[in-house]
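Below: one structure, written as structure tokens.
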Amino acid sequence: MKYLDEFSDPELARRLFDDIHATVTRPWALMEVCGGQTHSIIRHGIDQLLPEGIELIHGPGCPVCVTPLDTIDKALEIASRPDVIFCSFGDMLRVPGSGRDLFKVKSEGGDVRVVYSPLDALRIAQQNPDRQVVFFGIGFETTAPPNAMTVYQAKKLGIANFSLLVSHVRVPPAIDAIMNSPDCRVQAFLAAGHVCTVMGLGEYPELAERHRVPIVVTGFEPLDILEGIRRAVRQLEAGEHTVENAYPRAVQAEGSPAAQAMLADVFEVTDRAWRGIGMIPASGWRLSPAYRQYDAEYRFSVTGMHTEESTECRSGEVLQGLIKPHECEAFGTTCTPRNPLGATMVSSEGACAAYYLYRRLATPDAAGTAGTREGVTSLG
Ligand code: SF4
């Protein structure tokens, strides 16, 4: 397939692997921030082909996984109301709340609809002026601009029956929190390329300098990831800690000024709790006062929720890179994509889902990164 096959070329991959093997002299721990990168790494067996001692720690960059439980419960509460049409991307429907998920609400008669764009939800609001239409606005800097644009449009067009349930998160404060953690083992980051397409590189040099950690902006195809790893280990071996852009075909230093302007108009930065991780200061966005009337939390007054996490689920440890998914006792037994205990098993970007999809038939050793190199899914 043009534009994709070029980035999984086996000969180029071999050369990058050779370069990485020739560069590395000691163990290093790198974190790929985004769940899309995690899936690419596990799918292609990249972690198993790296030099012994190079560990890829899977980061918290899965938007579905980090959406806090109380926000899921608020979504369930709002979606259950008879006057509401609740619109969401499909991957949120199976995310477990305290006792049920959006599929269950739908089966109980709730009007829950899967849409492919927030603008679809706005159109539904126009078509149903006597109903309240809510869009579940979650995600990182990647999904925040279109959601901001939709609220902007709602205000401009005077569509008063539309609102957004907001749970947007920002990557740089999460990197800061990971580096400040006493358990942190991360020595370099592969930053999420699509986030930087929107936000540019401006937030990273200060982080790299303060934590003395290399940050390499990396794409999602196998060769993109290998190039990110190659640059990161080169910096580590040389004792450097700079910001590098290994994804220049999509990322420019300034990002997208238009998207940033829309974010600045519609949202304001706020503290945000990350599911499984906890509160991270200034790590989220909420609607700014000028758009507060479009905030579903205010409109429906869903406060004082009592939340209850599964006692079996260890997704918090997975999201912080403290364990690999197959080290959770419930992995593949009581927790599967059909019956997930945690969001990391549901999402198409979740680490548990990646291991279930590509590694569940591997031996326990081969499922991890430090075990045997047998059973590798090779590139090409
Ligand atoms: S395998 Fe399931 S129960 Fe275990 S951490 Fe992952 S989502 Fe949670």
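The values are calculated or read from the model by the stated rules, or taken from the named source; none is laboratory data. Bear in mind that the values here come from a model prediction, so they are computed numbers and not experimental data. Cβ atoms come from the backbone with ideal geometry, glycine included; neighbour counts cover every protein chain shown.
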- Query: Is segment 193-209 home to any residue that is under 19 Å from P27 (Cβ atoms) and touching a strand residue (DSSP E or B) at 6+ places or on another chain (Cβ under 8 Å)?
  - Reply: no
- Task: Mind listing just one residue for me: the one in segment 326-346 that is free of Cβ contacts under 8 Å to residues at least 40 places away in the same chain and crowded, with 17+ Cβ neighbours inside 10 Å and, of those, farthest from the ligand (Cβ to nearest atom)?
- Result: G332
- Hey, any hits in segment 192-205 for a residue that's surrounded by fewer than 22 Cβ atoms within 10 Å (Cβ to Cβ), at pLDDT 95 or above and among the hydroxyl-bearing types (S, T, Y)? yes
- Failed condition for V217, given (1) assigned by TED's automatic domain parsing to the domain that holds L157; (2) assigned to a strand (DSSP E or B), with all others met? (1)
- Message: So for segment 278-301 (the condition being part of a strand (DSSP E or B), within 16 Å of the ligand (Cβ to nearest atom) and buried (at least 19 other Cβ atoms within 10 Å of the Cβ)), does at least one residue qualify?
- Response: no
- Could you grab me the full set of residues in segment 264-277 that are part of a helix (DSSP H, G or I) and buried (at least 22 other Cβ atoms within 10 Å of the Cβ)? V266
- Query: Looking only at segment 125-144, which residues are outside any strand (DSSP E or B) and either in contact with a Lys or Arg (Cβ under 8 Å, 6 or more places away or on another chain) or over 21 Å from C65 (Cβ atoms) (or both)?
  - Reply: A125, Q126, Q127, N128, P129, D130, R131, F140, E141
- Could you tell me which numbered condition I178 fails, if it satisfies all but one of (1) in a helix (DSSP H, G or I); (2) surrounded by 24 or more Cβ atoms within 10 Å (Cβ to Cβ); (3) modelled with pLDDT of 95 or more? (3)
- Task: Provide a single number: the residues in segment 23-47 that are within 16 Å of S8 (Cα to Cα) and not β-branched (V, I, T).
- Result: 8
- Task: Mind telling me which of the residues C313, C352 ends up being in a loop (DSSP other than H, G, I, E, B), within 8 Å of the ligand (Cβ to nearest atom), buried (at least 22 other Cβ atoms within 10 Å of the Cβ) and on the phi < 0 side of the Ramachandran plot?
- Result: C313
- Which members of segment 224-245 meet the condition of being of a type in the set (A, V, I, L, M, F, W, C) and crowded, with 20+ Cβ neighbours inside 10 Å? I225, L226, I229, A232, V233, L236, V243
- The one condition Y3 fails out of (1) out of contact with any Asp or Glu (no Cβ under 6 Å at 6 or more places or on another chain); (2) touching a residue at least 24 places away in the same chain (Cβ under 8 Å); (3) aromatic (F, W, Y) is (2)
